[in-house]
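Chemist: Below: one structure in structure tokens.
The values are calculated or read from the model by the stated rules, or taken from the named source; none is laboratory data. This structure is a prediction, so every number in the text was calculated from the model and none was measured. Positions of Cβ are backbone-derived with ideal geometry, glycine not excepted, and every protein chain shown enters the neighbour counts.
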């Protein structure tokens, strides 16, 4: 599910997301909880600052894949009479977008569709029928319809959002790229879903890639696999093997195959892990030492690496190989996960 229409992250949320990326889950949750308690103490129950703090908690839990919890927190943030201040009304729309997206991610599809159709009407009323806000409101709705296998309806909304935001030249265009890409796969279209990104500014390309990567591990396994394969072809061609976006996409492919369980393609996973590890270690080991690298997986999913060397290494080199291989796996696991 695509989380759209959210304001820039607050300082507590930024810190919490950084902590979560480092695996410090308890510290991440404590950061947004502390901010919420401070907002309640300073501004009181029902205040706009407290609502924003609840939404920060929801955005963190959405990122963590705790969708039911995120839905309840977004719902709480959106409670109460409709605010009168324009900025607070925009916040209310953002909270409702989050509520609908979290419901959809939690597979409460009928309720999610209901909430997101309300969001569409609210966005059109608040910002205008042809506004970027109204167009981007179609994106999570298309995502829900995709999950419900209502492909024709999803395609209508995804294309409408894509074309409308492209014509407006609005940065929110980046939010709909991944949804449209999956729609094209669902329709059996051979179109390159990322061709239009080629001449966009790097910051928009980065945002579009990041949003598309959140599809990993979600939705239809084969369609998302095809989307990620196309995305890797695009970023690899535009930026090359050593670019962060290429590494992030390779990692997302590996994460996707783990997340989809019985629907995984082990060949795709093995290729992604090998490429990720190889590109990391080859730049950090003495030239000519590493000849090849075999990748396997233990029954519980642990990655097993077997390097093939061109010669007998010295003890310091052996220690360096072990260290760099461990770092490579850590780097792979630390890159963007599918649950965002």
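Chemist: For residue 36, state whether it is more than 23 Å from residue 126 (Cα to Cα) and surrounded by 16 or more Cβ atoms within 10 Å (Cβ to Cβ).
Modeler: So residue 36 passes the test.
Chemist: Shifting gears a bit: When region 271-305 is examined, which residues are found to be closer than 22 Å to residue 335 by Cα and in a strand (DSSP E or B)?
Modeler: Result: 293, 294, 295, 296, 297, 303, 304, 305.
Chemist: Do you know which residues across region 178-226 are at pLDDT below 95, out of contact with any helix residue (DSSP H, G or I) (no Cβ under 6 Å at 6 or more places or on another chain) and buried (at least 20 other Cβ atoms within 10 Å of the Cβ)?
Modeler: Of everything in region 178-226, those that are at pLDDT below 95, out of contact with any helix residue (DSSP H, G or I) (no Cβ under 6 Å at 6 or more places or on another chain) and buried (at least 20 other Cβ atoms within 10 Å of the Cβ) turn out to be 214, 218, 219.
Chemist: When you look at residue 98, is it surrounded by 24 or more Cβ atoms within 10 Å (Cβ to Cβ), over 16 Å from residue 9 (Cα atoms), touching a helix residue (DSSP H, G or I) at 6+ places or on another chain (Cβ under 7 Å) and in contact (Cβ under 8 Å) with a residue 60 or more places away in the chain, yes or no?
Modeler: no
Chemist: Sticking with this one: Could you tell me which residue of region 60-72 is surrounded by the most Cβ atoms within 10 Å (Cβ to Cβ), considering only residues that are touching a helix residue (DSSP H, G or I) at 6+ places or on another chain (Cβ under 7 Å) and farther than 18 Å from residue 215 by Cα?
Modeler: Of everything passing the filter in region 60-72, 71 is surrounded by the most Cβ atoms within 10 Å (Cβ to Cβ).
Chemist: Evaluate the following for residue 144: is it buried (at least 19 other Cβ atoms within 10 Å of the Cβ) and within 22 Å of residue 185 (Cβ to Cβ)?
Modeler: Answer is yes for this residue.
To keep it simple, each residue is scored yes or no on (1) without any contact (Cβ under 8 Å) to a residue 12 or more places away in the chain; (2) surrounded by 14 or more Cβ atoms within 10 Å (Cβ to Cβ); (3) closer than 30 Å to residue 335 by Cα.
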site: 48; (1), (2), (3): no, yes, no
site: 58; (1), (2), (3): no, yes, yes
site: 74; (1), (2), (3): no, yes, yes
site: 78; (1), (2), (3): no, yes, no
site: 87; (1), (2), (3): yes, no, no
site: 94; (1), (2), (3): no, yes, yes
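Chemist: Sticking with this structure for a sec: Can you list residue pairs whose Cβ atoms sit under 8 Å apart, with the first residue in region 297-308 being at pLDDT below 85 and the second being in a strand (DSSP E or B)? Count only pairs 6 or more apart in sequence or on different chains.
Modeler: 298/304
Chemist: Suppose the filter is closer than 23 Å to residue 254 by Cβ, touching a helix residue (DSSP H, G or I) at 6+ places or on another chain (Cβ under 7 Å) and in a helix (DSSP H, G or I); does residue 157 pass it?
Modeler: No: the conditions fail for residue 157.
Chemist: Would you check which residues across region 1-33 are surrounded by fewer than 16 Cβ atoms within 10 Å (Cβ to Cβ) and assigned to a helix (DSSP H, G or I) and list them?
Modeler: Across region 1-33, the qualifying residues are 11, 14, 18, 21, 25, 26, 27, 30.
Chemist: Would you mind finding the one in 266, 257 that is under 25 Å from residue 220 (Cα atoms) and surrounded by fewer than 15 Cβ atoms within 10 Å (Cβ to Cβ)?
Modeler: Result of the check over 266, 257: 266.
Chemist: Still on this structure, please answer the following. Residues in region 275-294 that are within 29 Å of residue 220 (Cβ to Cβ) and surrounded by 19 or more Cβ atoms within 10 Å (Cβ to Cβ): how many?
Modeler: Number of matching residues: 3.
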